[in-house]
């Protein structure tokens, strides 16, 4: 726990100098409301808990960070679409969550479309790519000239549903 918090402090240094910290749920009750209130360079800091949210749309240049890591901070999409990062030309970050039970044609857990993103320190599980003949990326899908770094994640138990799935479940 202490090592994780120290890592957060070190990684957030540049973000904290640029923007403000928005706290969920103490300032905003949902992750999406926190993101909606954020500007580029802001950090949305999420307290431990299970957040039953789907269709989370990231803001350009927003850093979405859990306080205590993926074991205690869970986004349960409940069969809805997971996190979407679309058209973000400034680095957009998702760090320290379990993201589960997301469903969409491409990237049930996290869908990245034409964006610059960093996805790290997450557990991405039990997500599905379906509803489309060409579904792919049950856990994560990145396409349309996206520049993505995916590191230190556990990606498991995700799948793409045929008939014509052109990718894997990851």
Original post:
What is the one condition in (1) outside any strand (DSSP E or B); (2) under 15 Å from residue 139 (Cα atoms); (3) within 12 Å of the chain's Cα centre (by Cα) that residue 59 does not satisfy?
Top reply: (2)
**OP:** Of the numbered conditions (1) modelled with pLDDT under 95; (2) buried (at least 24 other Cβ atoms within 10 Å of the Cβ); (3) at positive phi, residue 96 fails exactly one; give the number of that condition.
**Re:** (1)
Original post:
Only one of (1) buried (at least 17 other Cβ atoms within 10 Å of the Cβ); (2) modelled with pLDDT of 90 or more; (3) within 20 Å of residue 52 (Cα to Cα) fails for residue 107. Which number is that?
Top reply: (2)
Original post:
Do we find that residue 27 is at pLDDT 95 or above, more than 12 Å from the chain's Cα centre (by Cα), over 15 Å from residue 92 (Cα atoms) and surrounded by 16 or more Cβ atoms within 10 Å (Cβ to Cβ) in this structure?
Top reply: no
Original post:
Is there a residue in region 112-119 that is closer than 21 Å to residue 151 by Cβ, in contact with a strand residue (DSSP E or B) (Cβ under 9 Å, 6 or more places away or on another chain) and not in a strand (DSSP E or B)?
Top reply: yes
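The values are calculated or read from the model by the stated rules, or taken from the named source; none is laboratory data. The structure displayed is predicted, hence computed values, not measured ones. Here the Cβ is made from the backbone with ideal geometry for all residues, glycine too, and neighbour counts use every protein chain on show.
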